[in-house]
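Heads up: the structure comes next, in structure tokens.
Just so it is clear, none of the values below were taken in a lab; they were calculated from the coordinates. Everything numeric here is computed off the predicted structure, so don't read it as measured data. Using ideal geometry, Cβ is built from the backbone for each residue, glycine included, and neighbour counts are taken over all protein chains shown.
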Amino acid sequence: MTKKKVAIISVITVGVALTASYRVWLPLERPTSIQTDPVVVAEGKDIYSVQCAGCHGTALQGQPNWRQRKPDGKLPAPPQDASGHTWHHSDGDLFRIVKEGVQAFAGQDYKTDMPAFSEELKDDQIEAVIAYIKSTWPVKQRKFQEQVTASGQNQPND
Ligand code: HEC
């Protein structure tokens, strides 16, 4: 093999390795902040009605008695509006919950009906649906959630 070929192959190998590792930590590191741009919010609203409303409610109201576990031990879908606690989570955590599902977030032993959307939704669609949910919150919840996002802290028990 010529030196040039070796050099090209090394560049490709390093490139592939970097891309692979980038993908592995991507869900943990991104996004640091999700903007509620009106165009993105409108896209997110459509995605929400198709993918999320069946469980979380067309008006983001959640399922009845959502704080009480069902006989199967799983929680009903909580509201996504200000009456729930979605706004206690940082943008990064919300992104991860939607992409990887609650189980990946809470541990393999945790039984939940919240699916992972990594197959159905692209990253920017996940960001859009979160942007839509955020856009429905009153100022108080938005400010609180902004601070949680900025602090990089999770609220683990909420
Ligand atoms: C099959 C029903 C179902 C669908 C569809 C569903 N969810 Fe959920 N979701 C749940 C349940 C149940 C929980 C509560 C999980 C738990 O704690 O066990 C949950 C929890 C969540 C949470 C965490 C909320 C919190 O306050 O901790 C977020 C965020 C969320 N869902 C977003 C979404 C989004 C966005 C979609 C659509 C892309 C979606 N969900 C679709 C059932 C569903």
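For the reader, a short list of remarks on this structure follows.
- Exposure proxy ranking for VAL102, VAL50, VAL139, based on other Cβ atoms within 10 angstrom of each Cβ and starting from the fewest, stands as VAL139, VAL50, VAL102.
- Summed side-chain charge close to LYS45 - residues other than LYS45 whose Cβ falls under 13 Å, Lys, Arg +1, Asp, Glu -1: -2
- Annotation: the residues LEU75, LEU60, sorted from fewest to most other C-beta atoms within 10 Å of their own C-beta, follow the order LEU75, LEU60.
- Extension gain, ALA42 to SER83: 0.36 nm times the residue separation minus the Cα-Cα distance gives 12.6 nm.
- Which of ARG67, ARG96 has the fewest Cβ neighbours within 10 Å, and the rest in rising order: ARG67, ARG96
- Over 30 Å apart at the Cα level, from the set LYS74/LYS134; LYS4/LYS99; LYS111/LYS140; LYS111/LYS134; LYS70/LYS99; LYS45/LYS140, are LYS4/LYS99; LYS111/LYS140.
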